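Asker: Starting off with a structure, shown below.
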């Protein structure tokens, strides 16, 4: 028995749209807390306390869920940063507020994501992010 999932534009009632938004909001939090790669659709449904059938009424597969979730998150963050930029702050204060916001955001990211990022930003020949043998001296 194959169901045709709804796309965002096919959500028929305000209640369906509200349910979809709720699911995407919870999925964003779940992905930030647990990571994306390790989560299966079963895991997502279990964490959200909904059936997979309900989940598949709103998305076609995990890729669709990730795409919608990340798109929603991007729109939210862009809106918040835009609102900071329209406050009329000077350039330094504006950058400070954006940095504070981004620092808060990054503190919520799953550690595996930062490990992957760190491993791709190391310099060639540098096997460690810390200097070995570095000591502090006191005068």
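FYI, it's all coordinate maths here, none of it is from the lab. The model shown is predicted, which means the values in this text are computed figures rather than measured ones. Neighbour counts are summed over all protein chains in view; Cβ atoms, including those assigned to glycine, are modelled from backbone coordinates with ideal geometry.
Asker: Determine, for each peptide in 27-34, 51-58, the mean count of other beta carbons within 10 angstrom over its residues, then list the peptides with the highest first.
Answerer: Those peptides, ordered most packed to least, come out 27-34, 51-58.
Asker: Computed over the Cα atoms of segment 42-91, what is the ratio Rg over Rh, Rh following Kirkwood?
Answerer: My calculation of the ratio gives 1.26.
Asker: Something else: What is the packing order of peptides 38-49, 85-96, taking the mean over residues of other C-beta atoms within 10 Å and listing the highest first?
Answerer: Ranked from most to least packed, the peptides come out as 38-49, 85-96.
Asker: If each residue of separation counts as 0.36 nm, what is the full-extension length gain between residue 62 and residue 90 once their alpha-carbon separation is subtracted?
Answerer: Contour length minus Cα-Cα distance gives 5.9 nm.
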